[in-house]
Amino acid sequence: MHHANHFYGHAHIMARYVGLAEPPRIWGYLQHGWNMHDGFAVNTVFAARYPKFVYSHACARRGWAHGLRDYTVIGAPWNYLLELEGQREWEAQGHEREGTIVYPFHGWEGQQVAGDHEAFIDEIRETEGDVPITMCLYINEYEQPRIRRVYEEAGFRVITHGRRGYLWRGTDTEFLYKQLAEVRRHKRVVSNRMTSALLHAALAGAEVGIYGDPMELANDHAILGGAQRPQALFPEFHQAAVPHDVAREIATVELGADQILPPEEIVDLFGWAEDFDVEERVAHMPDDTLDFDRVLRRLRPTPEFPSARTGSEPPRVRPERGF
């Protein structure tokens, strides 16, 4: 499994969706974030003939335009998380949302971001008014006391969702669960650039907006187009208050929210069929070679899995299926 498949707990979400407590090896590359290329890090070295599992046909087309192939559209793991957490039912219950959460454009461990945080604070206060403000920093910026203090001294609640992980280490598998809990808590979700967080929020029923210093990423890749390319392609998404139907339509396309596949197909595409021990599960009589503990361990949902963060029911073991 390529280590990026684990980023933000994506592999764990997909495993839970099909009824596995832990993710087996994914035989391919799972897109780990939205960008203006094909969803993968620039210069990723792909093994020949292994599929690239991407969020949308938009991602695949951008990859094809650059001569890449072997794309399979499955939709973003965020879509599957919303299904698991009963987002439609949650929205129908009419929960109250308050205040604004801000996701500023961020770097990562290999690239730092630079911009005017003080000016961004002023614009946030002017635009959002007298409402509770949460500033969600990526761990890179959160662990820099100077940056964190700027927002804390402005009276903002400052949080982080954790680490995306690197080389199978340090992955916060609750990352997106924490994000969903915060998006559900807030009425508005804003950023200074078009980001995965805003697209996620649009699908989770929040109001979204973009404004402020877009900031600069050190050694940014020209193929991604910087802040200018998404502004040119999605001008209607770049305003302080994006109409909900516009935001949801764009998010649906870019995250492939209409491309969700059934568990059986995910199992087949990811090469997980063997992890369901098909022959053992259909055996009529147990014998000395059958390891029930191993079967149950693989099929048992993790009781403490962080779905409780959003108040949903714990995951249920899916009924037996033939693969």
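Can you tell me how many residues within the stretch 219-249 are modelled with pLDDT of 80 or more and aliphatic (A, V, I, L, M)?
7
Looking at Y71, Y17, which one is within 20 Å of G256 (Cα to Cα) and in contact with a Phe, Trp or Tyr (Cβ under 7 Å, 6 or more places away or on another chain)?
Going through Y71, Y17 in turn, just one is within 20 Å of G256 (Cα to Cα) and in contact with a Phe, Trp or Tyr (Cβ under 7 Å, 6 or more places away or on another chain): Y17.
For the stretch 269-284, what are the residues that are part of a helix (DSSP H, G or I) and at pLDDT below 95? Before the answer, list the steps.
Kept after step one, since they are part of a helix (DSSP H, G or I), are these residues of the stretch 269-284: 269-270, 273-276, 278-281.
Result: A273, E274, D275, F276, V278, E279, E280, R281.
Which residue out of R49, R88, R16, R62 is touching a residue at least 24 places away in the same chain (Cβ under 8 Å) and open to solvent by 30 Å² or more (accessible area, probe 1.4 Å)?
R62
Looking only at the stretch 91-115, filter to residues that are open to solvent by 20 Å² or more (accessible area, probe 1.4 Å) and small (G, A, S); which one of those is modelled with the lowest pLDDT?
Ranking the candidates gives G110 first.
Which fully enclosed strands (runs of 3 or more DSSP E) of the stretch 116-196 have 2 or more residues being open to solvent by less than 20 Å² (accessible area, probe 1.4 Å)?
Working: elements: 133-136, 157-159, 188-191.
Those strands (runs of 3 or more DSSP E) span 133-136, 188-191.
The values are calculated or read from the model by the stated rules, or taken from the named source; none is laboratory data. Keep in mind that what you see is a predicted model, and the values were worked out from it rather than measured. For neighbour counting, all protein chains shown are included, and Cβ atoms are generated from backbone atoms with ideal geometry for every residue, glycine included. Only protein heavy atoms, including side chains, enter the accessible area calculation; ligands, DNA and RNA are left aside. Shrake-Rupley method; radii C 1.70, N 1.55, O 1.52, S 1.80 Å.
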